[in-house]
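Accompanying notes for the structure given below.
The values are calculated or read from the model by the stated rules, or taken from the named source; none is laboratory data. Please read all numbers here as calculations on a predicted model, not as lab measurements. Positions of Cβ are generated from backbone atoms using ideal geometry, with glycine treated the same way; all protein chains shown enter the neighbour counts. Only protein heavy atoms, including side chains, enter the accessible area calculation; ligands, DNA and RNA are left aside. Shrake-Rupley method; radii C 1.70, N 1.55, O 1.52, S 1.80 Å.
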Amino acid sequence: MVGQRNGNGPPAKGNAGVGAPYAIDLNTFSRRLQDLYSHWKEHKNELWGSADVFAIATPPPSEDLRYLKSSALNIWLLGYEFPETIMVFGSKQIHFLCSPKKASLLETVKGSAKEVVGMDAIIHVKQKGDDGTTQMDAILRAMRLQAKSEGQNAPRIGYVAREAPEGMLLEKWVDKLKNSSLQLCDVTNGLSDLFAVKDENEIIFIRKAAYLTASAVKSFVVPRLENTIDEEKKVTHSALMEDTERVILDPARIKVKLKAENVDICYPPIFQSGGSFDLRPSASSNDDYLFYDSTGVIICAVGSRYNSYCSNVARTILIDANAMQSKAYRVLLKAHEAAIGALKPGNQVGAVYQAALAVVQSDAPELLSNLTKSAGTGIGLEFRESVLSLNAKNDRLLKAGMVFNLSLGFQNLETKTTNPKCQKFALLLADTVIVTNDGHDVVTQMCSKDFNSVVYFFNEGEEEELPRVKVESKAKEPLFSKTALRSDNQEISKEELRRQHQAELARQKTEETIRRLAGGDSVTGNNRTSMRSSSELIAYKSVNDLPPPREMMIQVDQRNEAVLVPIYGIMVPFHVSTVKTVSSQQDTNRNCYVRIIFNVPGTPFTPHDANSVKNQAAIFLKEVSFRSKDPRHISEVVQQIKTLRRNVVARESERAERATLVTQEKLVLAGNKFKPIRLSDLWIRPVFGGRGRKLTGTLEAHVNGFRYSTSRQDERVDVMYGNIKHAFFQPAEKEMITLLHFHLHNHIMVGNKKTKDVQFYIEVMDVVQTLGSGKRSAYDPDEIEEEQRERDRKNKINMDFQNFVNRVNDQWGQPQFKGLDLEFDQPLRELGFFGVPHKSSAFIVPTSSCLVELIETPFLVVALSEIEIVNLERVGFGQKNFDMAIIFKDFKRPIVRIDSIPSTSLDGIKEWLDTTDLKYYESRLNLNWPQILKNIIDDPQHFIDEGGWEFLNLEATDSESEQSQESDQGYEPSETEPESVSEDEDSDSESLVESVDEEEEDEESVEEEGKTWEELEREASNADREKGDESDSEDDRRRRKMKNFGKSRAGPGNSVPKRSKFR
């Protein structure tokens, strides 16, 4: 055991201050005493052994973990355990035999006992050094007199027969009972049934205990195991047990706000691995090291108590699980969920186990013999309430308020493996479940047990026989170079495995695509188009609405959004939307000119307008010019028109964008239900419009969505949980910001911008730093202190974000959000690579479900589930960079290109694509993908007949043999120089290649320019020779070298076979 265990003394109560004596809760005592007598009278014969009197004797305190009916009755009735105390309950009297201190506490219950059940509470005080014989005789004498007064010869006395007496007092009491010639009976079943249904206070205690248990597993046990496995540490099961026990006894370590004096463990935490498994709660953690090799299994079980009420959680972790282990766990998980589903009021207790049994019988009958014989027991003040055992024979009825430790497992399983520690394994799942009026409540569900949450893969794609190689990556070395650390034989084996897997993926992908095309439902997108026809532009409905004429000057009517222009002595109005540009100019005579150009149909760069189409026969005014002697007025008019036009265009653009939005549900604020989860001082991207100073805001998680708001009333964004497609959390490591990013199903408006990506972030350090004139020493104390402050700030921000993410994940884990399948994903930096997704280079990082770049704008978010294939282009020897083309299952969706990826990242990207079951191809040239996809959409049958995507597999056999001409059917070697190919031949053999490599283009242009310069240099050289200067200059040698280089590059380029046109 670790440290000093919380004793059986009184727990801290709210009404007892520090140092104040403990007071019995008389309301609880009265209510439960009445329940005790009511239950006794109602079930006297079938559960209480027909006892006329029953006695409960509590043993002395102990540091050992034990569960006794006598202690449970003390805590249930009086609030805490009274050690070395005897309580005798009769039909008219209640007798207490205890020490003077306990007697002073029990004095307060006399009035309540008399008032509630009409019982006289008689307290017999045993002084120190007294063996209590006199008091025991008095109690037995009172019981006999009570029986005679009721017409009985001798009372029938009940007691807890299974509890052996401990201490002199209890041993003397048992001897007195057995030598009293009174008839004895066992009341264990009566007490168990009495404790089975919990009241509201008991349910609260169990919920708190369950929260502590689940938090310990989620926040400590799982991260500790992950760290141990990731860093390949050697840790014993017993060491893990001790560390977990310390965490439970000190809840503040895992940020659980429960008083340490109120908590305890139910049993020493259990950790098992390495082929030695025991699924009984009495199992213990041995001193063997944690075993986490491939196909290894780790079982951890944790139980904690709050105010003596128990809870329990058990989870199984699989390392590189094989097919047999994966199937067994999935079946166990399904059976466990079926058993939980059967916990409903009115069902028989045995139906719970039968539900689990039915799942195993249908899905894996070969595992029936390995299934545990019960699905758990009731739980409460006792860890195992035997009367509520979840076995097939128990015909008791489930009632609201019952609580169960639903524990189900497979034991003595065997799998085929060469490692003896992996041959035998077991699986175990356990949760604490409360039966409610309308079903059940799994109070430990925050600790996930889904297959993807408990299975860890570290050796994907490697054969079991290959030795484990630990690769230590350095900061300056790319992670993808780890394959070079392996021996040649292992590398060949790994490459061969990858080729085989890719061949299988190609077959599956081709079948899937052909099946989809045959159905005709996936070559196109949803084809949703939203066109909003512009309404007829009306500045004034009638002449009477025109403002009263003033001077014949250009006027701007802000309210009606019109420009009034004097033409032939009449003020003619034009809606500001008809104005294309307005400008002013001043000549040398101090005359000012203003020129207004209108939108006229047929002119270049004029936007399409429905009014123009409607009024094609009308005469349009193209432009007007005015002269004025007042430059100030002209300047004001021009500025007003420009400002009004900009505002109207922005408003109409926003209105058009909003018209295409999908209607979102209303945000339900947290209100009084719970306090919203909050994260403050965040910036948002995209930013709100306007020219005011940008402000930070607060992100709050409410009932059905997030709300971000600043101190300005109009700066507010609501993101519904149902609209979130992917959620990402990226802590700052080598970046300047920590961020939360939401990729949405449907667009929303942020200010006046329509977007599918919303990001909230904090800068962890100043982006701009002031540099002094002189250099500062690395050992400068101020510099060191400033760096430390920056590190502390970054760590604090990352921790605040992590806590926010954890709490939101817990909220998303509730049953009402299961259909959304939401969870914050975190980028895997070690798999990242540099590339150019848009216009600038960025660090692109995979996650478990996406490929993202969340630092530079515009953002990149590509869901792996939407990818059809990936084509790696410009791949070849001597190339420093290559490109990646991502083709989606929706063939009408534009492809995503990531250019200029360093070739050092090629192996790592291939490995990542292979492990995520994405089919990739390689080519030496960039392909014209818009034309390819158009051909597929226009003629899908030809695509199917040609074998689907296999036309891309032209380079697969280049390194295997010289039979590429036979296998690569789309290629025809060119027999002539490119310059000699006729135009007709070019048109007939139109290639899928959009353009050759940029370097080759540059080199060809260099070659052409070199020939021109050669002619000039030849003339200059001849002139020099005539003068007697025949030495070669450095420029001459460089030009000749460039020329030769161009020719050498041009030679192999001609031998590259052309790809046939895909029709």
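Some notes on this structure:
- Each 10 Å bin from 0 upward holds the following percent of the Cα-Cα pairs of segment 194-272: 16, 45, 26, 10, 3, 0.
- For the set Val543, Val297, solvent exposure ranked by accessible area (probe 1.4 Å, protein chains only) runs largest to smallest as Val543, Val297.
- Ratio Rg/Rh, restricted to segment 723-880 and using Cα atoms, in which Rh is the Kirkwood radius: 1.04
- The accessible area of Arg516, taken with all protein chains in place and a 1.4 Å probe, comes to roughly 40 Å².
- In order along segment 501-508, the phi-based Karplus estimate (6.51 cos²θ - 1.76 cosθ + 1.60, θ = phi - 60°) of 3J(HN,Hα) comes to 5, 5, 5, 5, 4, 4, 5, 5 Hz; Gly and Pro are listed as x.
- Residues with amide H under 5 Å from that of Ile844, placed H, sequence gap 5 or more: Phe833, Phe834, Gly835
- 3J(HN,Hα) along segment 62-69, derived from phi through the Karplus expression 6.51 cos²θ - 1.76 cosθ + 1.60 where θ = phi - 60°, amounts to 8, 7, 6, 7, 8, 10, 10, 5 Hz, with x in place of Gly and Pro.
- Residue-by-residue Karplus 3J(HN,Hα) for segment 173-189, coefficients 6.51, -1.76, 1.60, Hz, glycine and proline x: 5, 5, 4, 4, 5, 6, 9, 8, 6, 8, 7, 10, 8, 9, 10, 4, 5
- Summarised as an ellipsoid, segment 790-880 has semi-axes of 31, 21, 10 Å, derived from the eigenvalues of the Cα gyration tensor scaled by 5 and square-rooted, with the largest first.
- Sorting the segments 632-642, 147-157 by their mean number of nearby beta carbons within 10 angstrom, highest to lowest, gives 632-642, 147-157.
- Segment 307-397 - Debye-derived log10 I(q)/I(0), Cα point model, q = 0.14, 0.21, 0.25 Å⁻¹: -0.57, -1.07, -1.28
- If you plug the beta carbon distance of Ile122 and Ser386 into 1/(1 + (r/R0)^6) with R0 = 35 Å, you get a FRET efficiency near 0.60.
- On the principal axes of its alpha-carbon atoms, segment 43-82 has extents of 36, 18, 13 Å, going from largest to smallest.
- The listed peptides 385-392, 695-702, ordered by packing as a protection proxy, come out as 385-392, 695-702 (highest mean of other Cβ atoms within 10 Å first).
- Count, lysine Cα pairs under 12 Å in segment 56-137, 8 or more residues apart or across chains: 4
- Cut-off under 5 Å, modelled amide H: who pairs with Thr444 long-range: Thr432
- Rg then Dmax, both in Å and based on the Cα atoms of segment 245-361: 17.1, 46.
- Accessible-area value, Met765, 1.4 Å probe, nucleic acids and ligands omitted, Å²: 50 Å²
- Per-residue packing, averaged as other Cβ atoms within 10 Å, sorts the ranges 845-858, 35-48 into the order 845-858, 35-48, beginning with the highest.
- With all pairs of separate Cα atoms included, segment 62-185 yields a Kirkwood hydrodynamic radius of 15.5 Å.
- Between Cys185 and Lys110, the contour length at 0.36 nm per residue exceeds the Cα-Cα span by 24.3 nm.
- Quotient of Cα Rg and 2.2 N^0.38 Å for segment 136-259, N being how many residues it contains: 1.81
- Calculated FRET value between Leu368 and Phe451, using beta carbons and R₀ = 22 Å, to 0.05: 0.55
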